[in-house]
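Heads up: the structure comes next, in structure tokens.
Each value in this text was obtained by applying a stated rule to the coordinates, not by laboratory testing. These figures come from a predicted structure and were not determined experimentally. Cβ atoms come from the backbone with ideal geometry, glycine included; neighbour counts cover every protein chain shown.
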Amino acid sequence: MIATGAQTRYNPGMNWDMLGHEWAVQMLQQHIQRGEVRHAYLFVGPPAVGRRTLALRFARALNCLQPPSPGDDCGVCRICRQLSRMEHAAS
Ligand SMILES: [Zn+2]
């Protein structure tokens, strides 16, 4: 499946297509899967390590209209496309 606008390919179970941040992705996915999403998250660290990308993937997984599985996102629904283009109020 190709995500239009997102320019990312959806790969089920592929760590949100992130390079690195495995522990963070796993923790965030588990929060969604367990219904334990906190009221706020801080994405901190040095520049250019993928903080924004990780935050956007988390936002997509939280707001996706048709998640293929809990804690994941489809990458193609209206919300996923808006978030990928930074056109959603949450982005
Ligand atoms: Zn979606």
Selected residue (criterion: nearest to the ligand (Cβ to nearest atom)) from residues of segment 37-56 that are surrounded by 14 or more Cβ atoms within 10 Å (Cβ to Cβ) and not in a loop (DSSP other than H, G, I, E, B)
LEU56
Leading residue by the ranking (nearest to the ligand (Cβ to nearest atom)) among those in segment 57-91 that are surrounded by fewer than 17 Cβ atoms within 10 Å (Cβ to Cβ) and closer than 16 Å to VAL25 by Cβ:
PRO68
Checking the condition in a helix (DSSP H, G or I), free of Cβ contacts under 8 Å to residues at least 12 places away in the same chain, more than 16 Å from the ligand (Cβ to nearest atom) and not aliphatic (A, V, I, L, M), which residue from GLN30, GLN26 passes?
GLN26
